[in-house]
Amino acid sequence: PAPVKPPDGGWGWIVLLGCFVITGFSYAFPKAVSVYFKELMKDFHVGYSDTAWISSIMLAMLYGTGPVCSIMVNQFGCRPVMLIGGLLASAGMILASFTTNIIELYLTAGVLTGLGMALNFQPSLIMLGTYFDKRRPLANGLAAAGSPVFLSSLSPLGQVLLEKFGWRGGFLIMGGLLLNCCTCGAVMRPLDMGMKRKMGKAQDKYEAKEMLPIGGKSDEGISTTDGTKKAKKAKKKPKKGKKLLDFSIFSNRGFIIYTISKFILVLGLFVPPILLVNYAKDTGVPDTEAAFLLSIIGFIDIFARPACGMVAGLKWVRPHVAYLFSFSMLFNGLTDICSARASNYTGLVIFCVFFGISYGMVGALQFEVLMAIVGSQKFSSAIGLVLLIEAFAVLIGPPSAGR
């Protein structure tokens, strides 16, 4: 059980908003950057596979630094880690606007921005899990909706910035936008803080009672303040033996099955959003209409994620949420297979609609299922290890498809 009972609301809604923005940047940003690829290919004289590495490295950093992020969160807490992450993500894109070759882009936009987003993404999910319990499926669905909302807005924005300021100016402005991650990190107030304030108020009441000339009350006040001090000391003690990364979750059969299935899924999950725009441009679709395809996926996804979160929260569905997740993965794979039939713009739009629904279902359920398997106490370690394993799939998936 969690040390403090989740309030399922209150400040949790502000935490949810912060998580919504962080999820939006983390998942949408690597795909939205693909709008600039055509110009980068011209400037640096490189091919599809070379530019696809930018998004892949960004996503691989987001996933692969999971254990490092888990250790940092367990050591320093969510808020400081997120503030540093926001600064790193922004610095990466700003430096990328001054690069002169594709390798420098890999290091700045790929590694540095990816690391910054990783240090934001994981702590925001951990905070969401501590603030919500009964309403957690809905909260996860709403937070996951940040990805499509940002995808449908960042992709057209990127196209506008590209036309007005070129890719360098676009990268610079995008770097400025990423500073909003610091604001989201600032609102991630630890749940214990609220409890300490309540205890402080209780102490003040007892001090006031002590001042009143009523026998017995002062002793009562002293005994309770002593009790609260002892409780505080007792709370501090377990931190000494705290594990930085809990590998005992590998003894959980459900966790191993989840990890294997997610690895296979992630090999192909990000391929359509990353390569779709360039594929459409190559088939003769105008640039703005090609960028609009990502907006279609995003728009459908906006409604798919919260809707799926609400369905997963129903009394008769929540115990069987793993089966709903399995169906969403199968559905996503089938839409990819059917995309081979899309030979014109209309076909691509139809594919985007169905891909958006399946993609939204996967996004809304993936972390809810993981938390249901391992529990909230081991979630920070579990998510770090899962993301590390998925990083290999993310890294080889899009460039392989590009080739």
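The values are calculated or read from the model by the stated rules, or taken from the named source; none is laboratory data. Keep in mind that this is a model prediction, so the values were computed, not measured. Cβ atoms come from the backbone with ideal geometry, glycine included; neighbour counts cover every protein chain shown. Just so you know, the surface numbers come from the protein's heavy atoms only, side chains and all, with ligands and any DNA or RNA stripped out. Shrake-Rupley method; radii C 1.70, N 1.55, O 1.52, S 1.80 Å.
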T346 polar (S, T, N, Q), in a helix (DSSP H, G or I) and touching a helix residue (DSSP H, G or I) at 6+ places or on another chain (Cβ under 7 Å): no
Residue in the stretch 323-333 that is touching a Cys at 6+ places or on another chain (Cβ under 9 Å) and at pLDDT 85 or above present: yes
Residue list for the stretch 266-301, restricted to those being among the aromatic types (F, W, Y) and open to solvent by less than 10 Å² (accessible area, probe 1.4 Å): F270
Residues located in the stretch 98-112, provided they are open to solvent by 10 Å² or more (accessible area, probe 1.4 Å) and either of a type in the set (G, A, S) or touching a residue at least 60 places away in the same chain (Cβ under 8 Å) (or both): F98, I102
Residues satisfying the stated conditions in the stretch 303-336, i.e. open to solvent by less than 40 Å² (accessible area, probe 1.4 Å) and among the β-branched types (V, I, T): V317, V321, T335
Answer from A202, A231 - the residue that is modelled with pLDDT under 80, surrounded by fewer than 12 Cβ atoms within 10 Å (Cβ to Cβ), small (G, A, S) and closer than 28 Å to W11 by Cα: A231
Output for the stretch 62-79, where each listed residue is open to solvent by less than 40 Å² (accessible area, probe 1.4 Å) and either in a helix (DSSP H, G or I) or among the hydrophobic types (A, V, I, L, M, F, W, C) (or both): L62, Y63, G64, G66, P67, C69, S70, V73, N74, C78
Tally of residues being farther than 30 Å from G12 by Cβ, open to solvent by 50 Å² or more (accessible area, probe 1.4 Å) and hydrophobic (A, V, I, L, M, F, W, C) across the stretch 158-192: 4
Index of the failed condition, L115 passing every other in (1) within 21 Å of the chain's Cα centre (by Cα); (2) in a loop (DSSP other than H, G, I, E, B): (2)
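A quick yes/no check of all residues on (1) over 25 Å from L151 (Cβ atoms); (2) open to solvent by less than 10 Å² (accessible area, probe 1.4 Å); (3) at pLDDT 80 or above:
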position	(1), (2), (3)
A342	no, no, no
G356	no, yes, yes
F367	no, no, yes
I373	yes, no, yes
S381	yes, yes, no
A393	no, yes, yes
Residue that is farthest from the chain's Cα centre (by Cα) [pool: residues in the stretch 13-61 that are of a type in the set (F, W, Y), crowded, with 23+ Cβ neighbours inside 10 Å and under 30 Å from L128 (Cβ atoms)]: F29
Flag for A364 being over 26 Å from G110 (Cβ atoms), among the small types (G, A, S) and part of a helix (DSSP H, G or I): yes
Odd one out for Y48, checked against (1) within 24 Å of E390 (Cα to Cα); (2) at pLDDT 80 or above; (3) of a type in the set (F, W, Y): (2)
Subset of the stretch 371-403 (residues that are outside any helix (DSSP H, G or I) and among the polar types (S, T, N, Q)): S376, Q377
Counted residues, the stretch 290-325 - those being in a helix (DSSP H, G or I) and more than 22 Å from P273 (Cβ to Cβ): 10
Residue in the stretch 37-60 that is closer than 18 Å to G170 by Cα, free of Cβ contacts under 8 Å to residues at least 12 places away in the same chain and either out of contact with any helix residue (DSSP H, G or I) (no Cβ under 8 Å at 6 or more places or on another chain) or basic (K, R) (or both) present: yes
Residues (hydrophobic (A, V, I, L, M, F, W, C) and within 23 Å of V271 (Cα to Cα)) located in the stretch 373-394: I383, L385, V386, L387, L388, I389, A391, F392, A393, V394
